[in-house]
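One structure is given here, and the rest of the page talks about it.
The values are calculated or read from the model by the stated rules, or taken from the named source; none is laboratory data. Nothing here was measured: the structure is a model prediction, and the numbers come from that model. Cβ coordinates were reconstructed from backbone atoms using ideal geometry, including for glycine residues, and neighbour counts include every protein chain displayed.
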Amino acid sequence: MIVGEDNPIFLGGLEKAIGEHPSTELVGVAPDRDGLLALAARETVDMVVTDLRMPPAFSDEGLQVARRMGASRPRVGVIILSQFADPAVALALLRDNARYRGYMLKDRIADPVELIHAIERVAVGGTAIDRDMVQALMSGRAGGSPLDGLTSREREVLALVAEGLTNEAIAERLGVGTSAVEKRIGSLFRKLPLGPADSVHRRVAAALLYLEKASLAG
């Protein structure tokens, strides 16, 4: 794994979280976009964790890195870290490549277990979207949205789907059986015109698109 981060204090927290877990290994760090891309070209890595905004322009360098990696090495996971929950960034990330991608808030460094779980999901082709962003979009949805046709339980399940959780993980989070989760997911996707939901990453992309529309409708 390699890391792109220009803030030495935050980088220290990342190095500690990654270094203390047996399933992750940090092989290099870079303080800017170009250094991170050069590091990725030199090293054999399966994961990149990068700040969204860093030198040279402090704009969307993390997205630029994700796009470059998607074009040259699509099976390398990329997790973008940001101080703010920006659905437009998550949607841009998923539109480019919905697999092997994650978007997490920097606050997650305070909970290394959650960050490591996100890294593990993304490394095997899954998706990890920060729960705070999903919940904010859910709570901010406007009236007249297709989401209004969902029951409260279906909305709860949809939020967990959007985070990138598997049916088994959703069942564990809610304390119910997997069959109950499958039934709820089948019901909510029949209510929303999202098309086939035959894989986790497609469900996440579709859920986020709908959440964005709902949050911006008002």
- Item | Enumeration of residues in the range 114-144 that are out of contact with any helix residue (DSSP H, G or I) (no Cβ under 7 Å at 6 or more places or on another chain) and modelled with pLDDT under 70 | ALA136, SER139, GLY143, GLY144
- Given (1) in contact with a strand residue (DSSP E or B) (Cβ under 7 Å, 6 or more places away or on another chain); (2) under 24 Å from MET133 (Cα atoms), LEU39 misses just (2)
- Message: Anything in the range 1-27 that is polar (S, T, N, Q) and in contact (Cβ under 8 Å) with a residue 60 or more places away in the chain? List them, or say none.
- Response: SER23, THR24
